[in-house]
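Below you'll find the structure, written out as structure tokens, and then a few comments.
The values are calculated or read from the model by the stated rules, or taken from the named source; none is laboratory data. The structure presented is a predicted model; accordingly, all values stated were derived computationally and were not measured. Please note: Cβ atoms are built from the backbone with ideal geometry, for glycine as well, and neighbour counts cover all protein chains shown. Only protein heavy atoms, including side chains, enter the accessible area calculation; ligands, DNA and RNA are left aside. Shrake-Rupley method; radii C 1.70, N 1.55, O 1.52, S 1.80 Å.
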Amino acid sequence: MSEPSLQERLLRPTVLASRAYAVAPSDGFIKLDAMENPYALPASLRSAWLAALQDADLHRYPSPRPEALMRALAEHGGIPPEMGMLLGNGSDELIQILISAVAGAGRPVLAVEPSFVMYRIIAEQQGLAYHSVALDADFQLDLSAFLAEMERCQPAIVFLDWPNNPSGQMHPVASLEAICAAAPGLVVVDEAYHAFSADSFAGHLGRWPNLLLLRTLSKEGLAGLRLGFLAGPPAWIDELDKLRLPYNINILTQKSVAFALRHAAVFAEQAQEICAEREFVYERLRALGIQVWPSRANFLLFALPGRANAVHAGLKEAGILIKAFTGHPRLGDHLRVSIGTPPENRAFLAALEELL
């Protein structure tokens, strides 16, 4: 029997057992697999954006807490002014900070299933048990089952993606309220797809001392900048800020986001166009006889029993990337398509119809 490697001797078993987050190569493809806004920054704004970057002090560290930017984000996000805010390099870093903060508590993380995969990945890498409560056949939350599991396992953090990824469903507000009232630990409502959902839980911040709100700007057209924020009572934000690495938001991101927020109407218009296209694609999928779930996000989940992997491969052969859930116990027969531009959506539908 061979000697264990240095990695096996030094690294935590949870790290050795985990896998890196996989991202499919996308050069040359119509990219409908990652829930990005398909619209680039309008050409009419590019000169002004570049001008806004000209005085960036690249030789200096960026502001560790850019107060003006955080105020603008709070206004943009409808965050009550008395709440604190923590910025992250995407919402992923903030999820990592949250889970790291409670890693020694001996209590698990709880979410629904299916849900955003990074909750589970980060929890397991940090050595926390991960518990989940299955959504029903229509991807709806079973509140009584969730409350029972929460009472049983006493989670340190409950994560609720709202809308849910990958179904696009919105849990009822009353269900979120019941979970916040009964939770023994933190409740983090993740509104990554807020731009398309026409609803927010931000106005509830402060009602419960354990409620935090998570947002990202990635879906609003700024995925390349990697900026997310966590909002909630200052007592929580001040403690979590101790785990934030110094200068985690670079100066170009800070200035670019500040510029984008001054032109928020442009991105709101793009979101409206994406929502209109979402409904068009939804109706076309239904017309093809495909089971597809209504969505409040910028993607659609649909089922192709026995054919999902073959259709996914056929679309890739046609130059179109969407998301497959190969091997997933619940989603193996499902595919998820992000909403693209009108020409991209029609190319997807034409290729799908030909494959069917």
> Of all residues in region 95-126, which are part of a loop (DSSP other than H, G, I, E, B) and either surrounded by 22 or more Cβ atoms within 10 Å (Cβ to Cβ) or not polar (S, T, N, Q) (or both)?
Replying inline: VAL102, ALA103, GLY104, ALA105, GLY106, ARG107, PRO108, PRO114, PHE116
> So, in region 131-166, of the ones that are open to solvent by less than 40 Å² (accessible area, probe 1.4 Å) and polar (S, T, N, Q), which residue ends up farthest from the chain's Cα centre (by Cα)?
Replying inline: ASN164
> Residues in region 167-185 that are open to solvent by less than 10 Å² (accessible area, probe 1.4 Å) and assigned to a loop (DSSP other than H, G, I, E, B): how many?
Replying inline: 3
>> Regarding region 318-341, can at least one residue be identified that is out of contact with any Cys (no Cβ under 7 Å at 6 or more places or on another chain), open to solvent by 80 Å² or more (accessible area, probe 1.4 Å) and either assigned to a strand (DSSP E or B) or modelled with pLDDT of 95 or more (or both)?
In response: no
>> Which residue is farthest from GLY340 (Cα to Cα), if the candidates are limited to region 12-54 and must be aromatic (Phe, Trp, Tyr) and surrounded by 14 or more Cβ atoms within 10 Å (Cβ to Cβ)?
In response: TRP49
> Taking only pairs six or more apart or across chains, which ones have beta-carbon atoms under 7 Å, a first residue in region 135-164 that is under 20 Å from TYR119 (Cα atoms), and a second residue that is assigned to a helix (DSSP H, G or I) and polar (S, T, N, Q)?
Replying inline: LEU141/SER175; LEU143/SER175; PRO163/SER197
> So which residues in region 186-202 are of a type in the set (Gly, Ala, Ser) and either assigned to a loop (DSSP other than H, G, I, E, B) or closer than 19 Å to SER167 by Cα (or both)?
Replying inline: ALA192, ALA195, SER197, ALA198, SER200
> In region 235-272, what residues are under 17 Å from GLU67 (Cβ atoms) and β-branched (Val, Ile, Thr)?
Replying inline: ILE237, ILE249, ILE251, THR253, VAL257
>> Quick check on region 273-289. Is at least one of its residues in contact (Cβ under 8 Å) with a residue 24 or more places away in the chain, assigned to a loop (DSSP other than H, G, I, E, B) and more than 15 Å from ASP33 (Cβ to Cβ)?
In response: yes
> Which ones in region 218-243 are among the small types (Gly, Ala, Ser) and not in a helix (DSSP H, G or I)?
Replying inline: GLY221, GLY228, ALA231, GLY232
>> Against the definition (without any contact (Cβ under 8 Å) to a residue 12 or more places away in the chain and open to solvent by 80 Å² or more (accessible area, probe 1.4 Å)), how does PRO4 come out, yes or no?
In response: no
